[in-house]
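Following: one structure in structure tokens, then a few remarks.
The values are calculated or read from the model by the stated rules, or taken from the named source; none is laboratory data. Because the structure is a prediction, the values reported are computed rather than measured. Virtual Cβ from ideal backbone geometry, glycine too; neighbours counted across all protein chains shown.
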Amino acid sequence: MRVLITEHSRKRLKDYRQSGISDEDLYEASLRIPGQVPVATRFRGFVARSGKVFDLVVKDIEDGRLVITVIGKS
């Protein structure tokens with residue numbers, strides 16, 4: 001499955017709250033979500049390689065799975 005990361009998500013990765021989360025972490029986490037996601041949905045409790053816990057908001061579109069935003073846990 002193709003994973004598309006929005007510019008908004010990439011911008012948020014530069015914020016302090018999301019420090020330690022990489023594009024690869026978003027890619028791997030989004031692939032672990034089973035089934036189809038027809039509407040934007042928040043999925044909780046992913047762990048980055050750095051140990052940082054984060055949530056993802058994703059939606060499936062024709063081109064693949066769209067990562068709308070990332071929310072790092074403090």
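Among the residues of the range 24-47, write down those that are touching a helix residue (DSSP H, G or I) at 6+ places or on another chain (Cβ under 7 Å) and part of a helix (DSSP H, G or I). Matches in the range 24-47: 26 only.
If you filter the range 30-56 down to residues that are among the hydrophobic types (A, V, I, L, M, F, W, C) and surrounded by 14 or more Cβ atoms within 10 Å (Cβ to Cβ), you find that the one that is nearest to the chain's Cα centre (by Cα) is 56.
The residue list 16, 27 contains one member that is among the aromatic types (Phe, Trp, Tyr), loosely packed, with under 13 Cβ neighbours inside 10 Å and either at pLDDT below 95 or on the phi < 0 side of the Ramachandran plot (or both), which is 16.
Total residues in the range 1-47 satisfying the condition of being touching a residue at least 40 places away in the same chain (Cβ under 8 Å), within 11 Å of residue 58 (Cα to Cα) and of a type in the set (A, V, I, L, M, F, W, C): the figure is 4.
Could you list all residues from the range 43-65 that are among the charged types (D, E, K, R) and within 10 Å of residue 26 (Cα to Cα)?
If the condition is that a residue be among the charged types (D, E, K, R) and within 10 Å of residue 26 (Cα to Cα), then 55 is the only one that fits.
On the basis of being surrounded by 11 or more Cβ atoms within 10 Å (Cβ to Cβ), part of a strand (DSSP E or B), basic (Lys, Arg) and without any contact (Cβ under 8 Å) to a residue 24 or more places away in the chain, does residue 59 make the cut? Considered against the rule, which asks whether it is surrounded by 11 or more Cβ atoms within 10 Å (Cβ to Cβ), part of a strand (DSSP E or B), basic (Lys, Arg) and without any contact (Cβ under 8 Å) to a residue 24 or more places away in the chain, residue 59 comes out as yes.
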